[in-house]
């Protein structure tokens, strides 16, 4: 995973940061798509004079942001936890092999 040289550590950190940024970017795109759909549905519901659909579109805009933020936070937290666990386990294996070999 992470070697001792500063260059490889920097590459690893940049790669992990890019993955986390990609996860957050994915959820941001989902949020934008959901908002655009509701922005399209709202005028359509007004022209068709369909009150329940208009109300659903209006209320769903307030619902999407907390939902997407919670999903993105959970996703990033789980990714970070798993990657951190992998680094710890790799370090433990490497040090336990060195102790056994010594």
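If you check 71, 57, 77, 45 for being surrounded by 10 or more Cβ atoms within 10 Å (Cβ to Cβ), modelled with pLDDT of 90 or more and either in contact with a helix residue (DSSP H, G or I) (Cβ under 9 Å, 6 or more places away or on another chain) or not in a helix (DSSP H, G or I) (or both), only one passes: 71.
Comparison of 12, 27, 92 shows that the only residue that is surrounded by 11 or more Cβ atoms within 10 Å (Cβ to Cβ) and free of Cβ contacts under 8 Å to residues at least 24 places away in the same chain is 12.
The values are calculated or read from the model by the stated rules, or taken from the named source; none is laboratory data. No experiment lies behind these values; they were computed from the predicted model shown. When we count neighbours, we look across all protein chains shown, and the Cβ atoms used for this are built from the backbone with ideal geometry, even at glycine.
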